[in-house]
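FYI, it's all coordinate maths here, none of it is from the lab. Being a predicted model, the structure only gives us computed values, none of them experimental. Cβ placement follows ideal geometry from the backbone for every residue including glycine, while neighbour counts extend to all protein chains displayed.
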Amino acid sequence: MKSRAKAVVIGGGIAGCSTLYHLTQEGWDDVVLVERNELTSGTTWHSAAQVTNFGTNQTMVGLKTHSINLYKELSENPEYPINYNYADGGIRLANTEEQMQGYRHFASMARGMGADLEVIDANECARRHPLISTANLLGGLWDPLDGDIDPAQLCQALAHHARKAGAEVYRNTTVTDLTQHKDDTWTVHSEKGDIDCGIVVNACGYRANEVGAMMDVHHPVAAMEHQYFLTEDIPAIKEAGHRMPLLRCPISDFYSRQEKGGLLVGFYERDCKTWGMDGIDPNFVSALCPDDLDRVMEVLEGAFERVPALREAGIRSIVNGPITYTIDGAPLVGPIPGKRNAFCIIGLRAGLGEGGGHGWLLAQQIVHGEARYDTWCIDPRRFTGHSNVELTALKAIEDYQNEFRFHFPHEHRPAGRPAKTTPLTPVMAAEGAEFTIVSGWERVDYIKPTPDFHASLSFNFDEAFDVIAAEVKNVQENVSLAEVNGFNRFEITGNARHAFLDRMFCGNVTKREGRVGLGYLLNHFGMVKGEATVANLPASDRG
């Protein structure tokens, strides 16, 4: 085992293997991956392994497109082929107009990233997936590139190609501690020796906080038990003459895909369970939790209604294993807050489908300082100190229960609220305030005109539009006060303050006292990293 490397990746699942592979693709060959057991012996090994192009923002669509293209390229490599059921297609079902409206929005957004998603009606859903019932169904969203892949083969292929490019992989090598030195380099201590390195990456799946503790860092990641079963052969699948598309049903909270001659059916039940909150057995390796189908009976009944052929199918095996969630459901990929030269790629609840893209973006950040996409939606720094163990668990449960229910604009779900308040919060609540969430802070969105006022969740202008318009007009025409908790405030002083701000912002900052303007901060690629209100305060108002 070498004693020095440019970067050490800890964890041998899809997150770690993808990061290692992409670091070599960016030109780094002095990189190492250490894994406490065998590759893919954590969450990755029992993954349902679905690979979709669907995403709720452009960054997620872009990284999933990269995953699909990468996996297809790897699967076609005769040197190390992978079983990849590419482009079986997949349908996300809908039984409300609001869901269909959301699908139209996502399809339009995805087209801007080169992904061709299609909104289809109920009859077309049944034509493409002949096993489903169209009862109370309006339609769905079709993803032509949806598919599934062999997790172990994928990770082994990534590791194989990384090794060919110069990387090294050390299996059965448990990391025991991490030490950061005064020059911000690291030493990774393991049972087989120490490795000095410039960069360390936490890619440890449900053991993320074990490694985080070695850095004195808590990651807002919690593991949830997740169950699926595999059926015996279903005659209707053979009779169809083609592979069944993947199916995701927010109506009944289940998904399915073809597995050999039967189906793999997974569940997101309301009566869900966190896992490993009090510690994880060191010997929990390539292991599963006890199955508990009683917990998913309500969801299972919905699956039977939607796919009647399941009623006659025998169950061949049941899988119940931990998968990781964060506070908002999106992973943590990027710099670890408060630590130099430390990165993480954790909380990947849909790791197989997204892992190729996440490793790609993380490698860009490590090597170049920035990724080619806006990565704030997955940046670990989006969470602050309020993200404790209790809040993380509450939000993980909530997100698990709503796995297939996308967030509407201005939707802020209730679990764990309020997390951060100010003395004005109860005062504004008494005035009828509707609150939104900004970095954990309860912030007033608008004042409800009547106690029973309710704004619908929609991609159209909702009932609050005119209320907010009236408030904006009042601010424009009168003297008004607004609480803006959640913002940071910095006071810049000194004779060189104007030159400093002109360099920091991509425009000239006003030199006139009493003037206020917006400024934008860019990274060295010219991408917008932040927006700030810049006020040139009179000398009498300066702190």
Just want the ordering: I323, I14, from fewest to most Cβ atoms lying within 10 Å of their own Cβ.
I323, I14
Residue by residue through the range 481-493, the couplings from Karplus 6.51 cos²θ - 1.76 cosθ + 1.60 with θ = phi - 60°, in Hz, x for Gly and Pro, are 10, 9, 7, 10, 4, x, 8, 8, 10, 10, 9, 9, 10
Within a 10 angstrom radius of the beta carbon, how do I492, I234 rank from fewest other beta carbons to most?
I492, I234
Over all alpha-carbon pairs in the range 336-427, figure out the percentage whose distance exceeds 24 Å.
36 percent
Low-density loop trypsin sites (Lys or Arg not before Pro), the range 1-85, at most 16 other Cβ within 10 Å, DSSP non-H/G/I/E/B, are K2
Relative contact order for the chain: what is it in percent, counting Cα pairs under 8 Å that are at least 6 residues apart?
16 percent
Which of the aspartates and glutamates could a cross-linker bridge to K511, judged by Cα under 13 Å and excluding same-chain residues fewer than eight apart?
D502
CD proxy at 222 nm, helix term only [per DSSP H run n ≥ 4: -39500 (n - 2.57); per residue of the chain; nearest 500]:
-8500 deg cm²/dmol
Taking N as the number of residues in the chain, the ratio of its alpha carbon radius of gyration to 2.2 N^0.38 Å works out to 1.04
Please report the equivalent ellipsoid semi-axes of the range 437-543, computed as sqrt(5 x eigenvalue) of the Cα gyration tensor, largest first, in whole Å.
34, 19, 13
Cα radius of gyration and Dmax for the range 409-477 (Å):
12.6, 38
Which order results if L348, L394 are arranged by neighbouring Cβ count within 10 Å, fewest first?
L394, L348
Please sort 140-152, 74-86 by packing, taking for each peptide the average over its residues of neighbouring beta carbons within 10 angstrom, highest first.
140-152, 74-86
When DSSP assigns beta bridges and you keep just the ones with both residues in the range 4-378, what percent turn out antiparallel, to the nearest 5?
75 percent
Dimensionless Rg ratio for the range 279-412, taking C-alpha atoms and the 2.2 N^0.38 Å reference
1.30
In the structure shown, of K273/K395; K420/K473; K395/K420; K72/K238; K339/K529, the pairs separated by more than 22 angstrom at the C-alpha atoms are K420/K473; K72/K238
The range 497-541: radius of gyration and largest Cα-Cα distance (Dmax), Å:
11.3, 38
Full extension from I468 to F406: what is 0.36 nm times the residue separation minus their Cα-Cα distance, to one decimal in nm?
19.9 nm
Pairs of alpha carbons in the range 1-60 whose separation is greater than 20 Å (percent)
42 percent
For the range 406-450 and the range 175-249, what is the separation of their Cα centres, given in Å?
34 Å
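If I take every Cα pair under 8 Å that is 6 or more residues apart in the range 439-543, average their sequence separation and divide by the length, what percent do I get for the relative contact order?
With pairs under 8 Å counted, the relative contact order is 17 percent.
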Principal axis extents for the range 26-175, Cα atoms only, whole Å, descending order, please.
53, 32, 31
In the chain, which cysteines lack any other cysteine Cβ under 4.7 Å from their own?
C125, C197, C204, C249, C272, C289, C344, C377, C506
At 20 °C and 1.002 mPa s, the Stokes-Einstein diffusion coefficient in µm²/s for the range 205-357, with hydrodynamic radius from the Kirkwood sum on alpha carbon pairs, is 123 µm²/s
Rule-of-thumb Rg ratio for the range 39-89 [Cα; 2.2 N^0.38 Å; N residues]:
1.26
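Output the relative contact order of the range 373-487, whole-number percent, from Cα pairs under 8 angstrom with separation of 6+ residues. Working shown, then result.
Numbers: 90 pairs, mean separation 24.9, N = 115.
Value for the range 373-487: 22 percent.
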